[in-house]
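S.K.: I am attaching a structure below and will ask some questions about it afterwards.
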Amino acid sequence: TYVVTENCIRCKFTDCVEVCPVDCFYAGENFLVINPDECIDCGVCEPECPAEAIFPDSDDRATPWAELNAKYAAVWPNITRKIDAPADAEEWKDKPGKKDLLSP
Ligand code: SF4
Ligand code: F3S
């Protein structure tokens, strides 16, 4: 499966959802997750993310986020169309320490 990681927080560009062939993204207030049971590992979302927040679960950068993706995919609503990013999304891009800002 592929995994959404820290740099998505408060960026939420949603380019990823437009390309997913199985619509397996789920949206929280300021973060998106991938449902690991639905992702078919096609990899097309990874290069689409302007924040480079998506990694395959074989990548060490995905490991701390895999459980959170599974957890929130079970409770957040499905998202299949791109929506406007937050007005300050560019300012949050690549900022460190965003993990504590995730809205559950
Ligand atoms: Fe969707 Fe493919 Fe990305 Fe999985 S790897 S979330 S199936 S676009
Ligand atoms: Fe997040 Fe990147 Fe998608 S910022 S919403 S994973 S395009």
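S.K.: Among Leu102, Leu32, rank each residue by its count of other Cβ atoms within 10 Å, from fewest to most, as a rough exposure measure. Let's see the in-between values first.
M.R.: Values: Leu102 16, Leu32 26.
Listing Leu102, Leu32 from fewest to most nearby Cβ atoms yields Leu102, Leu32.
S.K.: As a footprinting exposure proxy, order Arg81, Arg10, Arg61 by other Cβ within 10 Å, with the fewest listed first. Please list the in-between numbers first.
M.R.: Numbers: Arg81 8, Arg10 21, Arg61 15.
In order of increasing Cβ crowding within 10 Å: Arg81, Arg61, Arg10.
S.K.: Which value at 222 nm does the chain reach when only helices count, each DSSP H run of 4 or more adding -39,500 (n - 2.57), with the total divided by all residues and rounded to the nearest 500 deg cm²/dmol?
M.R.: Dividing the helical sum by the residues of the chain leaves -4500 deg cm²/dmol.
S.K.: Which of the GluC sites (Glu not before Pro) found in the range 4-33 are loop residues per DSSP with 14 or fewer other Cβ atoms within 10 Å of their Cβ? If you can, show how the numbers build up before the last one.
M.R.: Working: sites: Glu6, Glu18, Glu29; in loops: Glu29.
Taking the range 4-33 and a limit of 14 other Cβ atoms within 10 Å, the loop GluC sites (Glu not before Pro) found are Glu29.
S.K.: What net charge do the residues around Pro36 carry, taking every other residue with its C-beta under 12 Å from that of Pro36, with Lys and Arg at +1 and Asp and Glu at -1?
M.R.: Working: positive: Lys71; negative: Asp37, Glu38, Asp41, Asp57, Glu67.
Here the charged neighbours net out to -4.
S.K.: Where Lys and Arg each count +1 and Asp and Glu each count -1, what net charge lies around Phe55 among other residues with Cβ under 10 Å from its Cβ?
M.R.: Working: positive: Arg61; negative: Glu46, Glu52, Asp57, Asp59, Asp60.
For residues surrounding Phe55, the net value is -4.
S.K.: Suppose every K and R has +1 on its Cβ and every D and E has -1 on its Cβ; what is the size of the dipole of the chain about the Cα centre, in Debye to the nearest 20?
M.R.: Values: 10 positive and 21 negative charges, 61 e Å.
I would put it at about 300 debye.
S.K.: With no other cysteine's Cβ closer than 4.7 Å, which Cys residues of the chain count as lacking a disulfide-compatible partner?
M.R.: Cys8, Cys11, Cys20, Cys24, Cys39, Cys42, Cys49
S.K.: Another one. Please work out the C-alpha center-to-center distance from the range 1-20 to the range 57-76 and express it in whole Å.
M.R.: Cα centres, the range 1-20 to the range 57-76: 12 Å.
S.K.: Please report, in whole Å, how far the alpha carbons of the range 2-81 spread along each principal axis, starting with the longest.
M.R.: On the principal axes, the range 2-81 reaches 28, 25, 24 Å in Cα extent.
We did not get these values from a lab; they are worked out from the coordinates using the rules stated. None of these values were measured; they are calculated from a predicted model. Note: ideal-geometry Cβ built from the backbone for every residue, glycine included; neighbour counts use all protein chains shown.
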